[in-house]
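Report on the structure given below.
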Amino acid sequence: MEASSALELILTGDATLFAIVRLSLLVTLSATFFAALIGLPLGAIVALTNFPGRHAVIVVLNGLMGLPPVVVGLLVFLLLSRSGPLGPLGLLFTPTAMVIAQTVLITPIIAALSRQVIEDLWTEYREELMAMEVGPLTRVKTLLWDARYSLVTILLAGFGRAAAEVGAVMIVGGNIENFTRVMTTTIALETSKGNLPLAIGLGMVLITLIIFVNALAWAVRRWSEAHAG
Amino acid sequence: MRVRFLAFAAAALAAASLMTAPAVAQDKSIIVSSTTSTQDSGLFGYILPKFKEKTGIDVKVVAQGTGQALDTARRGDADVVFVHAKAQEEKFVAEGWGVKRYPVMYNDFVLIGPKSDPAKVKGKDILSALKAIHDAGAPFVSRGDKSGTHAAELRLWKEAELDPAGSKPSWYREIGQGMGAALNTANAMGAYVLADRGTWISFKNKEQLEILVEGDERLFNQYGVILVNPEKHPHVKKEYGQQFIDWLISDEGQQAIAEYKIEGQQLFFPNAKSGS
């Protein structure tokens with residue numbers, strides 16, 4: 001990227017910048033999707049079932065919300081490296097590896113927060129649902145549905161965390177130009193090249209993108225509230 | 001309502017499946033683990049398109065310090081290593097991780113410091129300059145990351161019969177980061193730092209820093225390229241990797257390296273035939 005400012009790149013519709021933004025969104029949205037697929041049911045199960053060691057599981061889940069990205073990156077790196085257990089798949093230094101790392105990073109956030117939300121709602125609905133004598137599956141469905149707005153906010157928290165991290169994608173992606181380079185690794189690279197104005201400009205672009213995704217989610221919520229019936 | 005939610009989820013899944021498409025299309029490619037100096041200076045950005053045009057091979061560069069780059073190759077996560085620390089490279093080959101080391105080019109290191117030059121090192125040879133920094137206790141930023149530049153810095157201290165990396169005085173600051181970060185740090189602290197000329201010329205945040213010592217032959221910095229041994233790692237793309245090496249040391253590749261200039265200055269000097 002040969003430019004003195006991010007504004008210049010945006011105004012000239014720079015293809016490299018566009019590709020980087022696209023990859024960032026693709027990786028992070030995919031990771032959020034897979035983390036939701038694992039995290040939401042996991043949160044619901046922990047919230048609604050009783051099993052030995054449940055409290056320990058909750059504490060661990062809550063604690064894992066603070067997983068350091070660089071540690072996740074290193075673990076996934078060791079797992080995917082050719083010398084690691086999943087080496088034969090040849091996934092290291094690919095976008096898929098980045099999705100895996102970010103999924104690992106944010107699944108605990110989604111699971112822990114949704115566990116809390118669903119449990120609170122369960123306390124509130126408990127008698128009503130018990131009186132209706134519905135099965136456990138209907139219970140879960142009802143609770144998930146009624147908590148949907150809070151759950152979307154939780155997904156956004158996970159998305160934000162994944163979009164902002166640099167430690168994990170740098171290690172497992174390798175920051176390869178035109179292949180695994182995303183917004184945060186570009187910012188780190190430009191900083192190391194002493195291109196501070198470009199780095200800060202790209203930072204602004206990233207923040208704007210994250211706000212845009214949040215605005216989109218907000219709009220969907222307002223729209224569906226208005227049409228709910 | 002639920003339908004819309006499901007449609008949203010399906011769209012996300014479709015986005016996710018797009019991820020795999022480019023990975024499949026980029027089959028004719030190799031991974032080269034190399035150093036931050038070759039990448040940050042822009043050399044790869046200049047020569048790789050020429051190589052791709054000729055052979056159709058996509059070279060994916062993972063830029064790390066020399067120590068980490070060799071380690072990446074040792075694990076089998078790269079097909080070719082392109083680094084600058086001769087002793088480590090020879091060890092890498094001797095241990096059977098690499099097939100053969102080819103000299104490719106050289107650049108040189110320069111001692112960078114604040115224009116105010118508190119230790120008065122300007123114009124000295126590199127060993128007297130390091131002694132002066134040591135005696136004055138002037139701040140010095142060390143890469144501290146086992147990179148080629150770090151290895152060169154340690155070798156120079158040793159030749160000057162000093163050992164700040166061992167005694168760790170407060171003026172000697174190991175930051176454990178890449179070349180650019182070290183320059184940013186030196187600029188912020190008004191410290192001395194050893195840098196490769198390529199990164200220095202292309203570095204944009206020079207401010208109060210300038211070259212104080214250069215041209216000393218001890219500052220010579222040789223680059224070598226090695227194919228990762230397919231006997232250790234059978235998945236290594238040896239044909240493509242060897243094609244890349246052959247091109248680098250061919251007249252065409254050597255000329256491409258010599259042609260790369262920033263602000264009219266040549267950064268790397270090809271020496272595949274005469275280098276060691």
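The values are calculated or read from the model by the stated rules, or taken from the named source; none is laboratory data. Since we're looking at a predicted model, the values are computed, not measured. Don't worry about glycine lacking a Cβ; one is built from the backbone with ideal geometry, like all the others, and counts go over all protein chains shown. Remember, those area values only see protein heavy atoms, side chains included, never the ligands or the DNA or RNA. Shrake-Rupley method; radii C 1.70, N 1.55, O 1.52, S 1.80 Å.
Using a basic spin-label model with each label point 7 Å from the Cα along Cα→Cβ, how many nm lie between A:R148 and B:K273?
7.3 nm
What distance in nm separates the two pseudo spin-label positions at B:A188 and B:A87, each 7 Å out from Cα along the beta-carbon direction?
The modelled label-to-label distance comes out at 3.1 nm.
Grab the eigenvalues of the alpha-carbon gyration tensor for segment B:48-116, scale each by 5, take roots, and send me the semi-axes largest first in whole angstrom.
25, 20, 12
Mind listing P(r) for segment B:152-276? All alpha-carbon pairs, 10 Å bins, whole percents.
The distribution over segment B:152-276 is 10, 29, 31, 23, 7, 0, given as percents.
Just A:L206, A:L216, A:L48 to compare: in a GNM of chain A, with alpha carbon springs under 10 Å, which one fluctuates most?
Comparing A:L206, A:L216, A:L48 in the GNM, the peak value goes to A:L216.
For chain A, find the longest principal axis of its Cα atoms and tell me its angle to the long axis of helix A:148-164, 0 to 90°, nearest 10.
Once rounded, the angle reads 30 degrees.
Whole number in Å², please: accessible area per residue of segment A:130-229, 1.4 Å probe, ligands, DNA and RNA not counted.
That works out to 49 Å² per residue.
Given N residues in the protein assembly as shown, what is Rg(Cα) / (2.2 N^0.38 Å)?
Against the empirical 2.2 N^0.38 Å value, I get 1.13 for the protein assembly as shown.
Looking at the protein assembly as shown only, what percent of DSSP beta bridges run antiparallel? Nearest 5 please.
Antiparallel bridges: around 60 percent, rounded to the nearest 5.
Give me the lysines in straight-line cross-link reach of B:K131: C-alpha distance below 23 Å, same-chain residues under 8 apart excluded.
The qualifying lysines are B:K115, B:K120, B:K122, B:K146, B:K158, B:K168.
How large is ³J(HN,Hα) for each residue in segment A:177-194, as worked out from phi by the Karplus curve 6.51 cos²θ - 1.76 cosθ + 1.60 (θ = phi - 60°), to whole Hz, x for Gly and Pro?
Residue by residue, segment A:177-194 yields 4, 6, 9, 10, 8, 10, 4, 5, 6, 5, 4, 4, 5, 5, 4, 5, 7, x Hz.
Of all accessible surface on chain B at a 1.4 Å probe, what whole percent is carbon and sulfur?
54 percent
Tell me what chain B gives for mean residue ellipticity at 222 nm when only DSSP H runs of n ≥ 4 count, each as -39,500 (n - 2.57), the sum divided by the residue total, rounded to 500 deg cm²/dmol.
-13000 deg cm²/dmol
Pop out the carbon and sulfur fraction of the accessible area of chain A as a percent, whole number, probe 1.4 Å.
Carbon-and-sulfur percentage of accessible area, whole number: 70.
Using only Cα atoms, locate the centre of segment A:5-41 and the centre of segment B:33-88, then give the distance between them in Å, rounded to an integer.
26 Å
Are there trypsin sites (Lys or Arg not before Pro) in segment B:77-141 that DSSP puts in a loop and that have at most 12 other Cβ atoms within 10 Å, and which ones?
Answer in residue order: B:K115.
Does a label point 7 Å from the Cα of A:M130, set along Cα-to-beta-carbon, have any residues of segment A:36-55 with amide nitrogen under 16 Å, and which are they?
Inside the label zone: A:48-50.
Need one value for A:176-182: mean number of C-beta atoms belonging to other chains within 10 Å of its residues' C-beta atoms.
Counting Cβ atoms of other protein chains within 10 Å of each residue's Cβ and averaging gives 5.
Let's test the formula: R0 of 56 Å, r as the Cβ-Cβ distance of A:N62 and B:Q255. What FRET efficiency results, to the nearest 0.05?
Efficiency for this residue pair is about 0.40.
What FRET efficiency would be calculated for the residue pair B:E239, A:F18, taking the C-beta separation as r and a Förster radius of 56 Å, to the nearest 0.05?
E between B:E239 and A:F18, to the nearest 0.05, is 0.95.
With n ≥ 4 as the cut-off for DSSP H runs, can you work out [θ] at 222 nm for chain A, using -39500 (n - 2.57) per run divided by the number of residues, rounded to the nearest 500?
-26500 deg cm²/dmol
Suppose a student asked you for the relative contact order of segment A:105-202, using Cα pairs under 8 Å spaced at least 6 residues apart; what percent would you report?
Contact order relative to length: 26 percent.
So which residue, out of A:N178, A:N195, A:N50, gets the largest mean-square fluctuation from a GNM of chain A using Cα contacts under 10 Å as springs?
A:N50
In peptide B:105-116, what is the residue-averaged number of other protein chain Cβ atoms found within 10 Å of each Cβ?
So the per-residue partner count for this stretch is 0.
Expressed as a whole number of Å, what is the distance separating the alpha-carbon centroids of segment A:89-131 and segment B:127-166?
50 Å
Taking amide H atoms as placed 1.01 Å from N in the peptide plane, list the residues 5 or more away in sequence, or in a different chain, whose amide H sits under 5 Å from that of B:S29.
The answer is B:D58.
Can you compute the label reach from A:E8? Point 7 Å from Cα along the Cβ direction, backbone N cut-off under 17 Å, restricted to segment B:232-275.
Within reach of a label on A:E8, which here means backbone N under 17 Å from a point 7 Å along Cα→Cβ, segment B:232-275 contributes B:262-264.
Under a point spin-label approximation (7 Å from Cα along Cα-to-Cβ), what is the A:N178-B:E207 distance to one decimal in nm?
Here the answer is 3.5 nm between the modelled labels.
In square angstrom and rounded to 100, what buried accessible area do you get between chains B and A, total over both, with the probe at 1.4 Å?
3000 Å²
In Å, the Kirkwood hydrodynamic radius of chain A over pairs of distinct alpha carbons?
For chain A, the Kirkwood estimate is 19.3 Å.
Show me, for segment B:271-276, the HN-Hα J-couplings you get by feeding each phi into the Karplus relation (A = 6.51, B = -1.76, C = 1.60, θ = phi - 60°), rounded to Hz, glycine and proline as x.
3J(HN,Hα) across segment B:271-276, in whole Hz: 8, 4, 7, 9, x, 10.
Which ³J(HN,Hα) values, rounded to whole Hz and listed in residue order, are derived for segment B:168-184 from phi using the Karplus coefficients 6.51, -1.76 and 1.60 in 6.51 cos²θ - 1.76 cosθ + 1.60 with θ = phi - 60°, glycine and proline given as x?
In residue order, the calculated couplings are 6, x, 5, 7, 9, 10, 8, 9, x, 9, x, 4, x, 5, 5, 5, 4 Hz.
Using a Förster distance of 25 angstrom, determine the FRET efficiency expected from the C-beta separation of B:D246 and A:S83, and round it to 0.05.
For R0 = 25 Å, the calculated efficiency reads 0.35.
Can you give the relative contact order of segment B:108-219 as a percent, counting alpha carbon pairs under 8 Å and 6+ residues apart?
Reported relative contact order: 47 percent.
Please work out the C-alpha center-to-center distance from segment A:155-181 to segment B:201-276 and express it in whole Å.
First find each Cα centre; the distance between them is then 29 Å.
Let me make sure I get this right: for segment B:108-219, a, b and c are the square roots of the gyration tensor eigenvalues over alpha carbons, sorted descending. Under 1.5 in a/c it's rounded, otherwise prolate if a/b > b/c, else oblate. Which is it?
Judged from the Cα gyration tensor, segment B:108-219 comes out rounded (a/c under 1.5).
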